[in-house]
């Protein structure tokens with residue numbers, strides 16, 4: 001009688017469902033951690049502007065290239081400044 005119980009699909013479902021849920025939770029946790037680390041390593045717009053300003057000063061970037069970079073980063077910098085203002 002117990003052999004039939006352990007061979008039933010209900011028992012298999014009761015065993016495999018928690019395993020599947022644990023695997024899904026583990027995957028979600030790992031992806032969340034990886035994403036958080038990658039976001040932390042991304043430099044801010046102000047850090048990038050400082051870096052490109054130094055490159056421009058050393059002559060590695062032309063005036064036009066530096067203006068293009070500043071224009072591209074301006075919107076991102078404004079968002080960062082707005083976000084900083086909201087947290088204060």
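Per residue, the average separation of C-alpha pairs within less than 8 Å and at least 6 apart gives the chain a relative contact order of 22 percent.
Helix 9-41 and the longest principal axis of the Cα set of the chain meet at an angle near 10°. Between residue 44 and residue 25, the contour length at 0.36 nm per residue exceeds the Cα-Cα span by 3.7 nm. Taking Cα atoms, how many degrees apart are the long axis of helix 63-87 and the longest axis of the chain, rounded to 10 and kept between 0 and 90? Here the helix axis deviates by roughly 60 degrees.
Values of log10 I(q)/I(0) for the chain across q = 0.16 Å⁻¹ run -0.83, by the Debye formula with one identical scatterer at each alpha carbon and no solvent.
Using R0 = 30 Å, the C-beta based FRET efficiency linking residue 72 and residue 34 works out to 0.65.
Pair-distance distribution P(r) for segment 43-88, from all Cα-Cα distances in 10 Å bins starting at 0: 29, 46, 20, 5 percent. Does anyone have the angle between helix 45-57 and the longest principal axis of the chain? Alpha-carbon axes, 0 to 90°, nearest 10? For helix 45-57, the angle is close to 40 degrees. Our helix-only sum for the chain, with -39,500 (n - 2.57) per DSSP H run of n ≥ 4 divided by its residues, gives a mean residue ellipticity at 222 nm of -30000 deg cm²/dmol.
Throughout, read-outs are computed from the coordinates displayed, never taken from laboratory work. Note that the structure is predicted; figures quoted are calculated from it, not measured. Ideal geometry is used to build each Cβ from the backbone, glycine not excepted, and the neighbour counts take in all protein chains shown.
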